[in-house]
Each structure stands twice: as C-alpha cells, then as structure tokens.
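Visitor: Got a structure for you, questions after.
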Amino acid sequence: MRPNYYGKFTINLGVFVPEIHERTNPPVGLSRVISDAHCDIRTRLGKTSEGGDIWWSVLDSSEEEIEDIIALLIHVGVAFLDRFRTRDLIVRDWIAFNDSEESLSNVARLDVAMVMLARGERDQAKRLFNDHLSRCAAEDSKPHLKHHAVYVRELADKLGLGALD
C-alpha cells in the first residue's frame, strides 16, 4: 500500500535549461510558467536536506513547521538553486552532485553534454556521451539499459556527434 498524501504538500525545486529539456521533449512552446516537471535539474526540498522526503499538512501545519519550511527554503532550497544557476556551474557541478552527493539523475552526463553542445563544445559532449554509455554497459544486468543505450546512440547520431565507442 502507498502512503496517503491527501491534504499534504511537498516542495519541488527545479532549474530549467532549454537545451537539456530538448533532449527528451519535442520542441513545444512552453508557457510563461515552467513547472518542475519541465526541469531536468530538480529535487525535493526534503531530499536535499536530510535525505528524506518531507510532506507537510496543508491544514494542520503549525507555526513551528512553517518556520522550518521557510528555513529549509532559505538555507537548503536557495543553495541548491544557486549551485546550478548558470550553465558554467551546471557543467562544473551537476555530474559530481549526482555521482557523489545525491543520485538524482542517471543521465547527468547527457544533461551536461547537451549544455556543452549548445556552447559548441562537441568533443567534450561526445566524451560525456561515451562515458555515459560505458557506465550503462557496466550495469549490463539491467534490461532497460540496453534500450537506453540504443536511445543514446540514436541521439548522438541525430545531434551530429557521429558513432559512439
């Protein structure tokens, strides 16, 4: 049985980067408001603080809980968003964040590669595609990764990176 989240809320944080979004989504005209579902760099506020997934009550939140939420937003949420506020910071930190701090995305290398491609750094992007594929091969026991490897190779070809190793 799943927990009942009726009457509860959580806080999602996300950084939207158009070139990363285009990797998995067809070109669409996004509205002026972008939800966290459109963000590839994202997490839940509770996951970035103590590793948990925090849900608060909509109706029964105490003053103390509200103060805790505000403190988490200021000290944890803003720090997460600030860490990935520019493409340079995404290139510098997104892979390391996923590899060593908190595994939020198994495609962080592809995310960074998309940013590098947009900046014209094709060789570095191709290196990240190959690195991602070699990591998938190391986890060969997972059947879905075979399909993912096909997707990655097709994406590289579509982006003009040529054949991958």
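Visitor: In the stretch 1-46, how many are part of a loop (DSSP other than H, G, I, E, B) and within 18 Å of residue 94 (Cα to Cα)?
Guide: Qualifying residue count for the region: 4.
Visitor: Continuing with the same structure: Pick from 135, 92, 85: which is modelled with pLDDT of 90 or more and either part of a helix (DSSP H, G or I) or within 17 Å of residue 161 (Cβ to Cβ) (or both)?
Guide: So the residue among 135, 92, 85 that is modelled with pLDDT of 90 or more and either part of a helix (DSSP H, G or I) or within 17 Å of residue 161 (Cβ to Cβ) (or both) is 92.
Visitor: Looking at the stretch 108-121, I want the residues that are within 16 Å of residue 38 (Cα to Cα) and part of a helix (DSSP H, G or I) and have a partner that is of a type in the set (Gly, Ala, Ser) and at pLDDT 95 or above with Cβ atoms under 8 Å, at least 6 apart or on another chain. Which pairs are those?
Guide: Qualifying pairs under 8 Å: 114/125.
Visitor: Let me ask something additional. Given the conditions (1) assigned to a helix (DSSP H, G or I); (2) within 17 Å of the chain's Cα centre (by Cα), which single one is not true for residue 68?
Guide: Failing condition for residue 68: (2).
Visitor: Going through the stretch 95-105 one residue at a time, which ones are in a helix (DSSP H, G or I) and among the polar types (S, T, N, Q)?
Guide: Scanning the stretch 95-105 gives 98, 100.
The values are calculated or read from the model by the stated rules, or taken from the named source; none is laboratory data. Here the structure is a predicted model, which means the values were calculated and not measured. Heads up, the Cβs are rebuilt from the backbone with ideal geometry, glycines too, and the neighbour counts pull from every protein chain shown.
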